[in-house]
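Bear in mind these aren't lab numbers, they're just calculated from the coordinates by the rules spelled out. Since this is a predicted model, take the numbers as computed values, not measurements. Cβ: placed from backbone, ideal geometry, glycine included. Neighbour counts: every protein chain shown.
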């Protein structure tokens, strides 16, 4: 037990953020060093921690605010799962972003908020109590807005507006739920699920619903997902952050905490809350896929795909059984790896070739084989093609659905697979099989853009191929479920 | 780290190598020197598998607990004929494909893609026979199923792409059905071992559904009526070497799936019915085809139907039948490819002869490998079904005759027949003729010599004679079936264009929900307008005075309560 | 006299002296004000330590205890307000000293205003408080009038309302004196209630509500605060209404706690709720930045009145007490800091763009990033988002509401926060627009002032434990038990 480690991890992105804000626009080298340095240090800390926590250690730090209002940072296996994902992807996204932006304007602001976002995500992962979770959840909301509007054009501003007009009411619902709950139970610490005997069943259900609405906005659950597709107007590194590393994950992570650590599986089942949540997740999965099918812009299609995919995690939590939980938690990482690959690639297509719409993908495979290959791996993984990451998630989710006595979920998974195939395969077909337009140009000779995409693409293959290994996301998720949620 | 590496695999390395080696070769194609001549890896890819096949079944079990969800590979005796046949066929087709550099699609990169996915398909195909756990099986099945798409569309002609569309549609549907079924099975078995799944499925809740889903998935792959529609389109569209492995080895993955995962006896009558419908229907419908490769494709549907019927009837010698069919059908495709491309001459004639031998064997002419396979099969099943099997010899003979007729009537090309291409053909024909005799199935209820007996010989001869006679008669009467495009019952379905139009018409109905437009209040009643009016009222001096007085009175009154 | 008592006396004397000196030596006025600030800062530190250590510090003028003499007392609440006043005045004076554009009368007026505020914060005598309030009003009206000819009408309106409020308050004070023969709060609390007390309380409360610009008496505030120069607006919006509100709190919680009943408390909170809603909607409609900020003040002042039903609110499950009461104090403090920062931001943009229209903000984030950051951070506080002091206040308030079984009042800050987000988003979005307008340069030092104030409002949330402990010193029992 040590309080220094959680604080150090938090500081590894807060400090660079604080300094970056005050850097001059043109001090590129200092800024890049800070961003990369922070990311590398954090990754190193997280890796060191992995071994430690796998051995059963936990680390805790507590900071009192007002009475009853305290910050509790706790490093356990679940926290580390999320954090390891964000630490790895943050480093890659930073490399990518530095290359992506080059020497454009307003970069100190961008990287400042970028680091702040990751600090918030880290804090969120380590949150040991509900109110700590909320604090970082809000910090994330606010730190993301300047990134969404970074381009400062009308589209981005509209996206930013839509982002806040979904997020802030969502946060209000979350705060309401927390205060309602805590006024009856006292401060809720995740290690010690609260005794809700003072609340009626109806109140508990209402609190649960408010919670789900609160975190559901971030997790882009239908009908609270409206902000996400618009937010693709932001630059590619931001999309990567929104869709893979931080924001939607924060929502999904919130659902996991809610089901397992606040209400606990037993109570969720006793109150009959699992099925409605699973239904909501299912509707989201199908709806997101159907909408994705209609989009002609690559990033928009990917955005709707996120809507669909993130609810797999929610589904895993909602089914409230061991295998489903393992699948959901593993998908937290898997979706991140696959989706960030896709957004990295979409960014390269846009940045290097000006390709934003799917027609532009025609024949790009010949000119950008590595990028196109990575994109293909990501897309196939999303479809759930074995042995890629998405297959492993689906396998466990399906198994979990059967375990939980909800075989109808198999239909949802099957339909989702078919729809995923329907909206991703045409893109791959265009990439590799159609002939490019006459005036097509551009190449992929920017290693700093391509290498991160390649790393995440291969990672999404590796986590599937070595799924049964103890250090894979699946292995880690199994460890979490075995350690925390099984009697 | 070392402990982790040690956990990578235990047991002999060969089964793992048989699957990994093609993948390694496939990936090596990225290297520029190989990329210029990618086809050279094709015959190398199945070599470890061939070694494994020759070393024989049993004993060779590999476990790789860190891979996938825990991989276990073993070559079971029951599947040994499949494995051996596949290894041989892939080797022969790979060798034959060396001549493809001169065929269509000569571009280096496209050949590299072909070669890469060839290796992946091969690995998947062999994996289906070796896998002992559901996850590896599914991975292998997906690989053989989906990667084969690249073999189908290699020519990139409209015809090939259309066939590819249908193929991928059904393949993906099959994958989904299979996964759903497997999941139910894994849940029922409490683990991923295939043997446990098969054992536990009959009693499990939803077990029948799982078996049905898996059977559907496998039936697509195996080309069982009515899910065979992709097959007559895809097999002729692929390059010759691709057609050979598709029709010979890849379809067998579906059959093996049926054997391994569908509980014995489940849906037996359905399997037998559909199998026989395919066996006779496809053979007859094949007569409407003009392209020799399409005729062969229908012959495959017909033969797979027979095997499905045998499986449904509980025969233990399906593997032996499949061994023969795979080798013979592979040989037929390779031969057809040679003959159709070759200029008239000795080479072409030699190829034609080999084709005729293979065709005779498929038709089950006495002394052929096919006759041996059929004899073993007939002895194993109910008399009625045995009769049907015997009768199917007639339709098969008719179809094979029609195939040879179409082949000889073709114009041929200008290519010279290379001995390097003739050799794999010859090897396959020899194997098809001889191996069924050599590897007489242990499960067979009659000894090998039985097939050489007069009764069996006659049994093999008369249907063939009947079929050939009917053919000759039809030829003499100048009676020919009307030529039709491949696809048969596909014509009953709406065209893909119609479906696409309908889908497009449906999709605009999906708009964003909820539609976040502001509620349309009349402008003077919006909260903002109301607040502004209230503000104006409150600003008036007299009103403020009244409000102050009222506040004092109300507060005082409340305080007095 | 102990050092703490001396410090208390200094808090009153220093601003007055500085005001007089500024009149005498107008050229040195900025320097004098800064010197007074520095000294007051030291005094505040001494006072704060004493209060934290020994509880409230009392000073009897002339050495006579009430009812003969007049008592000045710095308890936790008073000290928190003193510190808030110091911080805002320091920010404003620093800003004015860097800006160097204000007319000479600004300095003595600002010092006078500060003196009057401090007097109100530490007085315990109803008439003393009246004097302080009048002084405050005079200085405030004059500050509005500094805004030039256009501000005159607004200043006049302000004055009339303030005088009306004063008259009501004074009438109440007279009634109390007639009934009890004393105006000292502690003594009043000890006496029983008379029949006239109801009317007296009503009169005083109504007067204070007018001065606090509670709905529906808020109509003087937006024009006045929008018309004054930015520095003046900062003082007016951040501090002046807080003085009358503090009197209101002391009156209800300390002088006459037993006069309260549930419908009365609900009536006060209901007016507060109306202010939140009305102020929020009106802020959404404005096209001038300063008007938005002013209407936001109307809304934020509305929250404060939720304290009356919410004080106490001790739920069995909660480890803290007096949540609602402390929430109001936190809110007053964080609002003061954030609002001052916002008005100073508005002043900077006015200098840069030459117009106070909302549209003139377009693209200024790129030109003046520090100011945009200050405005953003101040907005976070006003929206009540973590980790700001505004959030701490909202959290305590909502918890108190739920714990005491009055969830409706808990929804008010929640809804108010969302409305604040809506009206503050408009300037934020414009700031982030792509175009870079022509603008005058503004010094970084000047931009630093609102940033520091806004950061202070955030810090109040992050380091809320110490201020919380401080507030509890000398807290009335009613704060814990509820009215």
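Placing pseudo-labels 7 Å out from each Cα toward the beta carbon at residue C:134 and residue C:481 gives an inter-label distance of 3.6 nm.
For the peptides A:117-129, A:21-33, the ranking by mean Cβ contacts within 10 Å, running from highest to lowest, is A:117-129, A:21-33.
Counts of other chain beta carbons within 10 angstrom of each beta carbon in peptide B:173-184 average 5. Mean sequence separation of contacting Cα pairs (under 8 Å, at least six apart), scaled by the length of the range B:127-283, corresponds to a relative contact order of 26 percent. So the label point goes 7 Å from the Cα of residue A:445 along Cα→C-beta, right? Which residues of the range A:358-373 then have their backbone N under 19 Å from it? Hits in the range A:358-373 for residue A:445 at 19 Å: A:364-372.
Between 0 and 90 degrees, rounded to the nearest ten: what's the tilt of helix A:447-465 against the longest Cα principal axis of chain A? That helix lies at roughly 50 degrees to the long axis. Fewest-first ordering of A:109, B:35 by other beta carbons within 10 Å of each residue's beta carbon gives B:35, A:109.
Seen through its C-alpha gyration tensor, with square-root eigenvalues sorted a ≥ b ≥ c, the range B:379-424 comes out oblate because a/c lies at 1.5 or above while a/b is not bigger than b/c.
One Cα centroid belongs to the range B:299-333, the other to the range A:187-229; the line between them spans 58 Å.
Annotation: the residues C:247, A:471, C:293, sorted from fewest to most other C-beta atoms within 10 Å of their own C-beta, follow the order A:471, C:247, C:293. Taking a ≥ b ≥ c as the square roots of the Cα gyration tensor eigenvalues, with a/c under 1.5 meaning rounded and otherwise prolate when a/b beats b/c, else oblate, which class fits the range A:255-302? Oblate shape, in that a/c is at least 1.5 and b/c is the bigger or equal ratio. Cβ crowding within 10 Å, taken as a proxy for footprinting-reagent exposure, orders C:237, A:13, A:165 from fewest neighbours to most as A:165, A:13, C:237. Spin-label model, residue B:51/residue C:195: points 7 Å from Cα along the beta carbon direction are separated by 11.5 nm.
Compared with the alpha-carbon gap, the fully stretched path from residue A:297 to residue A:48 is longer by 85.5 nm at 0.36 nm per residue. Annotation: the antiparallel percentage among DSSP beta bridges lying fully within the protein assembly as shown is about 95.
With the alpha-carbon atoms of the protein assembly as shown aligned to their principal axes, the span from lowest to highest coordinate is 140, 64, 62 Å, starting with the largest. If R0 is 56 Å, the Cβ-Cβ spacing of residue B:449 and residue B:209 corresponds to a FRET efficiency of close to 0.75.
Average partner chain C-beta neighbours within 10 Å, per residue of C:359-366?
That average works out to 1.
Full extension of the chain segment joining residue B:550 with residue B:490 gains 13.1 nm, where the gain is 0.36 nm per residue of separation less the Cα-Cα distance. Compute the helix-to-body angle for B:14-28: its Cα long axis versus the longest principal axis of chain B, expressed 0 to 90° and rounded to tens. Computed tilt is about 70 degrees. The orientation-averaged projected area of the convex hull spanned by the Cα atoms of the range A:273-487 comes to 11.3 nm². The calculated FRET efficiency for the pair residue B:526 and residue B:482, based on their C-beta separation and a Förster distance of 56 Å, comes to about 0.15. The angle separating the long axis of helix A:274-294 from the principal Cα axis of greatest extent in chain A is about 10 degrees.
Counting Cβ atoms of other protein chains within 10 Å of each Cβ in C:197-208 and taking the mean gives 5.
Of the peptides C:252-260, B:362-370, C:99-107, the ranking by mean beta-carbon count within 10 Å, highest at the top, reads B:362-370, C:252-260, C:99-107. From helices alone, the protein assembly as shown scores -23500 deg cm²/dmol at 222 nm; the rule is -39500 (n - 2.57) for each run of n ≥ 4 DSSP H residues, then divide by the residue total. With semi-axes defined as the square roots of five times the eigenvalues of the C-alpha gyration tensor, the equivalent ellipsoid of chain B measures 59, 29, 26 Å, largest first. Each of residue A:154 and residue B:465 was given a label point 7 Å from its Cα along the Cα-to-Cβ line. The distance between the two points is 8.8 nm.
Using the Cα gyration tensor of the range B:22-90, with a ≥ b ≥ c the square roots of its eigenvalues, what is the shape: rounded (a/c below 1.5), prolate (a/b larger than b/c) or oblate (neither)?
Judged from the Cα gyration tensor, the range B:22-90 comes out oblate (a/c at least 1.5, b/c at or above a/b).
Mean sequence separation of contacting Cα pairs (under 8 Å, at least six apart), scaled by the length of the range B:267-492, corresponds to a relative contact order of 28 percent. Computed over chain B, relative contact order equals 12 percent, with contacts defined as Cα pairs under 8 Å that lie 6+ residues apart. Calculated FRET efficiency, residue A:438 and residue B:420, Cβ-Cβ r, R0 41 Å, to nearest 0.05? Approximately 0.50, to the nearest 0.05.
For the range C:45-66, backbone nitrogen atoms closer than 18 Å to the point 7 Å from residue C:6 Cα along Cα-to-C-beta are found at C:45-51, C:57-63.
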